[in-house]
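Encoded as structure tokens, the structure appears first; notes follow it.
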């Protein structure tokens, strides 16, 4: 893309927040799952520190409403699926560059379906943090606390704390209760229990090797 220049890359949320403040790029392509500070929280901090001057497009495998909503609440200007092609990435950059919001079509249909599907209890509790929702989803997928800690590059103590916070907030007393809650609110489905993406790359960028988690400023 000759009209865009990559000025920096980062492998964790803390670094991208620092780079955003120092470089003030036009747009950041933000992986939602990053070590230390996750992509949602990093987006929130960047938006607060730059007054919204630095636009953020979140890159994610997740199409669930709660991830999309939380990204935009954090200040994101776009939400792009990692399976999206190069042309869609360019479209997202152009739309965000014009001051508009961008939501990839892969996400749009499921989000609309969630609002019109009968028997749904609505989105998860708003007072669950992005990290707590992430831990809840992974526990419901059948992952152990130690495995979650390894995947997210967190301490076991931190994951236990997140698990305890979730249980207190939703009134759960067991992992079974957590799974029921996640299923009821659409965080997981029965056919996705064993599908969890641990460490992922930037999707559309051929220059970023598979397996790398990071963010780009352009």
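Mind checking which residues of the stretch 4-38 are farther than 21 Å from residue 155 by Cβ and out of contact with any strand residue (DSSP E or B) (no Cβ under 7 Å at 6 or more places or on another chain)?
4, 5, 18, 21, 22, 24
Let me confirm something: among 18, 3, which residue is in the same structural domain as residue 73 (by TED's automatic domain parsing), over 15 Å from the mean Cα position of the chain (by Cα) and surrounded by fewer than 23 Cβ atoms within 10 Å (Cβ to Cβ)? Walk me through it before giving the result.
Numbers: 3 fails: in the same structural domain as residue 73 (by TED's automatic domain parsing).
On inspection, the qualifying residue turns out to be 18.
Which of the residues spanning the stretch 148-185 are crowded, with 19+ Cβ neighbours inside 10 Å and modelled with pLDDT under 75?
Correct list: 185 only.
Out of the stretch 39-54, which residues are surrounded by fewer than 21 Cβ atoms within 10 Å (Cβ to Cβ) and in contact with a strand residue (DSSP E or B) (Cβ under 9 Å, 6 or more places away or on another chain)?
Within the stretch 39-54, 47 is the sole residue that qualifies.
What do you reckon, is residue 28 buried (at least 24 other Cβ atoms within 10 Å of the Cβ), over 12 Å from the mean Cα position of the chain (by Cα) and either in a strand (DSSP E or B) or at pLDDT below 90 (or both)?
Details: buried (at least 24 other Cβ atoms within 10 Å of the Cβ): yes; over 12 Å from the mean Cα position of the chain (by Cα): yes; either in a strand (DSSP E or B) or at pLDDT below 90 (or both): yes.
Against the criterion (buried (at least 24 other Cβ atoms within 10 Å of the Cβ), over 12 Å from the mean Cα position of the chain (by Cα) and either in a strand (DSSP E or B) or at pLDDT below 90 (or both)), residue 28 qualifies.
Name every residue in the stretch 39-61 that is within 11 Å of the chain's Cα centre (by Cα) and more than 24 Å from residue 90 (Cα to Cα), in order of residue number. Let's see the steps before the verdict.
Keep residues of the stretch 39-61 that are within 11 Å of the chain's Cα centre (by Cα), which gives 39-43, 57-61.
Within the stretch 39-61, 41 is the sole residue that qualifies.
Have a look at 111, 96 and point out the one that is in a helix (DSSP H, G or I), at pLDDT 90 or above and either outside the structural domain of residue 161 (by TED's automatic domain parsing) or at positive phi (or both). Lay out the reasoning, then the answer.
Details: 111 fails: at pLDDT 90 or above.
Going through 111, 96 in turn, just one is in a helix (DSSP H, G or I), at pLDDT 90 or above and either outside the structural domain of residue 161 (by TED's automatic domain parsing) or at positive phi (or both): 96.
The values are calculated or read from the model by the stated rules, or taken from the named source; none is laboratory data. What you see is a predicted model; the values in this text were computed from it and never measured. Here Cβ is always computed from backbone atoms with ideal geometry, including for glycine, and neighbour counts include all displayed protein chains.
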